[in-house]
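Beneath this line is the structure, given in structure tokens, with notes to follow.
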Amino acid sequence: MNMKPLRDEDVLVKEIARHFLPSRERRLRLGIGDDAALWEPRPGFASILTSDWFLEGSHFLREKHLPDSVGWKCLARAASDIAAMGGTPRCFLLNLALPAAATGKWLKSFLGGLRRAAKSLDCVLAGGDTTRSKRILINVTVVGAVREGQEVLRSGARPGDLLYVSGTLGEAELGLQLLRKQRGKVNPRNAAMRKHLYPEPRVALGRWLAERKLATAMMDVSDGLSNDLPRMCAASGVGALIDPGKLPVLPGVAADSARQLALHGGDDYELLFSISPRRMSMLPANFRRLRITQIGEIMAEGGTRIIGSDGKSKPLRTAGWDPFRQ
């Protein structure tokens, strides 16, 4: 069924609001309909603020990516930053720039995916802004909450800590490769493709680690392990040594290819965290069926290194996602 483009911005805003019923979240005192939203933080909690771009041509391809998946992913990837600090997403702002041709069928499917993500995360739409553009430009700001004193930063890793990741690394990158090659209708039932199209921020795991004060440092793996691990090390003033044989790689993929995907593939939104060896016995091998894997350790020396085929360590090549890298 063909859906006509919306005729003006007021109608566009009403269409967005129609997909998100008035919130029963008591902390959101005022949502869509005024100049700004009113959010009331809970006593004893700190607010977490994060903002994320999702751009046509850079982060998704309109001719390849399902609009439903674009809606899901633009919120999920921003909420992953909240999970990485041990927090819980509460509400979000949506800034949306669209060409007129995308205000019909594409918009309705996009809002359907966004609504499903918001429901899954129990994160309500508080407001935002809209405008017209030649390409689709999306910016999402998420407000989260964490108990004061329980927030987990990138800067807490110490020499001797063990390094862990959740889930499987490289799966979303493989999904993107499959998506680019696919002709015709996209099949999101493929596990790797689904990981790329519909990532699941590890909110429950991040909160569990924070509440038990297990993680000394934590961040999400969004740009690839080889890009993100050096950021954690730099923030903590430490180094790290990775054992490639321990990486949670994709099954059924050639070993070297699977290892390269795990090291450099982006968009996984798994959690990367360090933990004191004295507390490792408190960490399960699986958290609610999500695998947790030790992949290395934190070292006193700066820089990130990986064990080579000769058993000696060498610098870890940085080859993940970087929008400014030539």
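A compact table of results
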{"quantity": "Matching residues, the stretch 34-77, being among the aliphatic types (A, V, I, L, M) and either over 17 Å from the mean Cα position of the chain (by Cα) or under 19 Å from Arg207 (Cβ atoms) (or both)", "calculated": "Ala36, Ala37, Leu38, Ala46, Ile48, Leu49, Leu61, Leu66, Leu75, Ala76"}
{"quantity": "Tally of residues being within 30 Å of Leu75 (Cβ to Cβ), part of a loop (DSSP other than H, G, I, E, B) and open to solvent by less than 30 Å² (accessible area, probe 1.4 Å) across the stretch 269-326", "calculated": "3"}
{"quantity": "Matching residues in the stretch 152-185 - criterion: being part of a loop (DSSP other than H, G, I, E, B) and either open to solvent by 60 Å² or more (accessible area, probe 1.4 Å) or closer than 28 Å to Ser69 by Cβ (or both)", "calculated": "Leu153, Arg158, Pro159, Gly167, Thr168, Leu169, Gly170, Gln182, Arg183, Gly184, Lys185"}
{"quantity": "Matching residues in the stretch 81-101 - criterion: being among the small types (Gly, Ala, Ser) and within 12 Å of Val143 (Cα to Cα)", "calculated": "Ala83, Gly87"}
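Matching residues to (1) within 26 Å of Phe45 (Cβ to Cβ); (2) part of a helix (DSSP H, G or I):
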position: Val70; (1), (2): no, yes
position: Lys73; (1), (2): no, yes
position: Ala76; (1), (2): yes, yes
position: Asp81; (1), (2): yes, yes
position: Ser109; (1), (2): no, yes
position: Lys119; (1), (2): yes, yes
position: Asp129; (1), (2): no, no
position: Val146; (1), (2): yes, no
position: Gln150; (1), (2): yes, no
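Yes/no per residue for (1) free of Cβ contacts under 8 Å to residues at least 24 places away in the same chain; (2) touching a helix residue (DSSP H, G or I) at 6+ places or on another chain (Cβ under 6 Å); (3) more than 26 Å from Leu283 (Cα to Cα):
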{"residue": "Thr130", "(1), (2), (3)": "no, yes, yes"}
{"residue": "Ala145", "(1), (2), (3)": "no, no, no"}
{"residue": "Gly149", "(1), (2), (3)": "yes, no, no"}
{"residue": "Gly170", "(1), (2), (3)": "no, yes, no"}
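Results for (1) acidic (Asp, Glu); (2) free of Cβ contacts under 8 Å to residues at least 60 places away in the same chain, shown as yes or no for each residue.
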position	(1), (2)
Val249	no, no
Ala258	no, no
Leu261	no, no
Asp268	yes, no
Arg278	no, yes
Phe287	no, no
Gly302	no, no
Arg305	no, no
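The values are calculated or read from the model by the stated rules, or taken from the named source; none is laboratory data. These figures come from a predicted structure and were not determined experimentally. When we count neighbours, we look across all protein chains shown, and the Cβ atoms used for this are built from the backbone with ideal geometry, even at glycine. When the accessible area is computed, the model is the full protein with side chains, heavy atoms only, and any ligands, DNA or RNA have been set aside. Shrake-Rupley method; radii C 1.70, N 1.55, O 1.52, S 1.80 Å.
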